[in-house]
Amino acid sequence: METILIVDDEPEVRAVARDMLKAKGYTTLATGDPTLALRIARTESQPIHLLLTDVVMPLLNGRELVEQMRPIRPGIKVLYMSAYSTETVEDYGIRLSPGEPFVMKPFTMDSLASAVRTVLDYRSPFGKRPAP
């Protein structure tokens, strides 16, 4: 069973995402505070497979959270979410690289589940290959 850490400062969005992902069989951890998310990443003994994070948040934006999360959980996969388009997000001074996994809010269970599964199943062509 895969574990997803959900970070969104809107309690309703966080609850909906948590409920949708639980219904799809995922284990979820959720917080509205990016600094608490970093603490969870440091202290949680189980693997966290995916960080589902809002892009525009107070304290730390999604990009900053990911930058601080990577040293703690180097293998964690990331899916950004926002009610703003990627172009509008740039108006907040946050730049996502082209092709970074992104799901638009509001999302349906199917669109969220599909985006999550795509990110979790992705294998980089530049990653280490198992020895023959």
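The values are calculated or read from the model by the stated rules, or taken from the named source; none is laboratory data. Just so we're clear, the structure is a prediction, and the values are computed from it rather than from any experiment. Remember, those area values only see protein heavy atoms, side chains included, never the ligands or the DNA or RNA. Shrake-Rupley method; radii C 1.70, N 1.55, O 1.52, S 1.80 Å.
Is the range 20-92 rounded, prolate or oblate when judged by the Cα gyration tensor, a ≥ b ≥ c being the square roots of its eigenvalues, rounded requiring a/c under 1.5 and prolate requiring a/b larger than b/c? It is oblate, given that a/c is not under 1.5 and a/b is not larger than b/c. One entry in (i) 30, 14, 10; (ii) 25, 15, 14; (iii) 21, 18, 16 is semi-axes √(5λ) of the Cα gyration tensor in Å calculated from the shown coordinates; its label is (iii).
Pop out the carbon and sulfur fraction of the accessible area of the chain as a percent, whole number, probe 1.4 Å. Could you put the intermediate results ahead of the total?
Numbers: 4100 of 7510 Å².
For the chain, the apolar C and S fraction of the accessible surface comes to 55 percent.
Karplus-derived 3J(HN,Hα) values for the range 8-20, using 6.51 cos²θ - 1.76 cosθ + 1.60 with θ = phi - 60°, are 8, 6, 9, x, 5, 5, 4, 5, 5, 4, 4, 5, 4 Hz; glycine and proline are entered as x.
May I ask you to give the solvent-accessible area per residue for the chain, in square angstrom, as obtained with a 1.4 angstrom probe? Mind showing how you got there, number by number?
On the way: 7510 Å² over 132 residues.
Accessible area per residue: 57 Å².
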